[in-house]
1. Could you list LYS73, LYS18, LYS116 in order of exposure, starting from the residue whose Cβ has the fewest other Cβ atoms within 10 Å?
2. Which links in LYS61/LYS158; LYS61/LYS212; LYS88/LYS217; LYS61/LYS237 stretch past 30 Å when you go from one Cα to the other?
3. Taking the Cα atoms only, what angle lies between the long axis of helix 180-193 and the longest principal axis of the chain, rounded to 10 degrees?
4. Does anyone have the angle between helix 4-16 and the longest principal axis of the chain? Alpha-carbon axes, 0 to 90°, nearest 10?
5. For region 4-67, give the magnitude of the charge dipole about the Cα centre (Cβ charges: +1 Lys/Arg, -1 Asp/Glu; no others), in debye to the nearest 20.
6. Based on the alpha-carbon gyration tensor of region 1-51 and its eigenvalue square roots a ≥ b ≥ c, which shape applies: rounded if a/c is under 1.5, prolate if not and a/b is larger than b/c, or oblate?
7. What dipole magnitude, in Debye to the nearest 20, does region 75-244 give about its Cα centre under +1 on Lys/Arg Cβ and -1 on Asp/Glu Cβ?
8. Of SER182, SER203, SER149, which has the largest mean-square fluctuation in a 10 Å C-alpha GNM of the chain?
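What follows draws every value from the coordinates through simple rules; no lab data is involved. These numbers were taken from a predicted model, which means no experiment stands behind them. Backbone-built Cβ (ideal geometry, glycine too); neighbour counts: all protein chains shown.
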Amino acid sequence: MTDDVSLLAIQKRLTALKLAGMKKTLEMRLQQAGGDAVSYTEFLSLLLEDEIQNRQDNKRKNLFRAAHFPFEKGIEDFDFTFQPSIKKREILELATGNFLQTTTNILFIGQPGTGKTHLSVALGIRALTLGKTVSFTTLWDMLDILNQSRADYSYAKKIQGYLKPDLLVLDELGYKSLSPQSVQDLFEVIARRYEKKSTIITSNRNISEWDKIFLDKTLTTALLDRLLHHCQVIEIKGESYRVKHKN
């Protein structure tokens, strides 16, 4: 057993080497080694495992923070009995993450409060546990950021933030019509992610009504062509969970 002074010195060295996981458990491992007659090799192996685990935990936390989810709810928190139009088996299959491997898009269509955002977040959280990068944003926030980025010439940098993630979740498409420039921006994101990365979109309008959102029929056709080529469309026909439970 090392004394307090040498323990402090070792901890300082671990800090200097950015070995926070080893520093965190060093004292406990020393006590364990003293009581259990652990070999030098076993002792070092345990400390290295602690460091690896700490780095993995930090990576997961950083990925989750970067995803910008509006809340943390998994598939286990979703009430499938309330929305019988949703096939639970279909959602569980998506939760395996296979759609990310095939760069398949997902489109959730349904009225407000039917669970579109919940399921999108749940699949996003699942993707994080599989080591994928995820970014969640409302459609309007993304378009606003891209529009403002033209003023300081940071458009190229900002749009990369929507192209890089393995999974991009665009929430709330359909609440109002888009300006021609906004349609161009959305098309740019969808087109450049096409067959490279997966995208989840939630909308309160059926696909047949999207020409009322985009106005430009040519761009609507081009956007849908890329979005739906490899896409799983899930229509939710139930009522609003929030309205039913507001009391």
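1. LYS18, LYS73, LYS116
2. Working: LYS61/LYS158 23 Å; LYS61/LYS212 40 Å; LYS88/LYS217 35 Å; LYS61/LYS237 35 Å.
Where the Cα-Cα span goes over 30 Å, the pairs concerned are LYS61/LYS212; LYS88/LYS217; LYS61/LYS237.
3. It works out to around 50 degrees.
4. Tilt of helix 4-16: around 30 degrees.
5. Value, rounded to 20: 540 debye.
6. Taking the square roots of the gyration eigenvalues as a ≥ b ≥ c, region 1-51 is oblate.
7. 180 debye
8. Maximum fluctuation in the GNM of the chain, among the listed residues, is at SER149.
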